[in-house]
Amino acid sequence: MPSLTKKKTLSLKVGARVSDLSKAQTREVLSELQSCHKDLDVRFECCYMSTTGDLDLEASLTHMDKTDFFTKEIDQALLNGSIDIGIHSAKDLPDPLHEDLEIISLTKGKDSRDALLMSEGKDIGDLKKNAVIACSSLKRQEEIKKLRHDFTFTDVRGCVKSRIEQLNEKKFDALVVAEAAIIRLELTHLNRYMLSYPTTKFQGQLAILAKKELIM
């Protein structure tokens, strides 16, 4: 006979960025949470918001590592109690975190490698001499320079799909994107070359943050 015991209901307000990638990441995390807590009737209310990094498309990202450029507004919502948990790309987290916040979970994540998207060619050697690579990370630029010394680099901003549109418009010759983003956005049909260098810590993983005083 099936159990008639009613599941305990848990309602959570979830904060995340407004981009298509962030929404895909949020669905991934919430699915994992539901799978891990089958004894609960977990109900989520998603609160998508634009962060400073989403709104300021002029600032270069070359010196934004370890800052709250992409997390500030979500973290503030956690601190003022308007959301219960925040979901971030783990590599975007500031270091250090705000003293009143804590990472309560890290996902196993997707492929941690970077991919080089190209409108033409199948290999990095197929790109023309002095090709322009869209890449805002100095660390990535240094690694790619080891593969081809002649490459030049340009900053690129906007969501992943916007960057791909710029590639298709020939504004540059190739574009560096995290493979995890390509997988989550279901863009694995795109022409790309997989880069083998070590990537940023936590790349491909997602972090769930909460206010320390609310963690049981």
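Listed values, structure above:
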| item | result |
| --- | --- |
| Most to least packed among 196-204, 114-122 [average Cβ atoms within 10 Å] | 114-122, 196-204 |
| Simple label model, 7 Å out from Cα along Cβ direction - H37 to K212, nm | 2.2 |
| Relative contact order for the range 130-171, counting Cα pairs under 8 Å that sit 6 or more residues apart, in percent | 43 |
| Point-charge dipole on Cβ atoms (K/R +1, D/E -1) for the range 114-195, about Cα centre, debye to 20 | 140 |
| Binned Cα-Cα distances of the range 114-195, short to long, each 5 Å bin given as a whole percent | 3, 16, 30, 29, 17, 5, 0 |
| Sparse-neighbour loop sites [trypsin sites (Lys or Arg not before Pro); the range 24-116; at most 14 other C-beta within 10 Å; DSSP] | K38, K66, K108 |
| Separation between Cα centres of the range 72-98 and the range 120-170, rounded to whole Å | 30 |
| Label-point separation, K108 to D123 (7 Å along Cα→Cβ), nm | 3.4 |
| Out-of-range pairs (alpha-carbon distance over 30 Å; input K8/K211; K66/K122; K13/K91; K110/K161; K23/K170; K145/K201) | K66/K122 |
| Zero-based 5 Å bins, Cα pair distances in the chain, whole percents | 1, 6, 14, 18, 18, 14, 10, 8, 5, 3, 2, 1, 0, 0, 0 |
| Lys/Arg +1, Asp/Glu -1 at C-beta; the range 86-146 dipole; positive extreme among S112, G86, I133 | I133 |
| Fraction of beta bridges assigned by DSSP in the chain that are antiparallel (%, nearest 5) | 50 |
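Throughout, read-outs are computed from the coordinates displayed, never taken from laboratory work. Predicted model, so just to flag it, every value in this text is computed and none were measured. Reconstructed Cβ throughout: ideal geometry from the backbone, glycine too, with neighbour counts over all protein chains shown.
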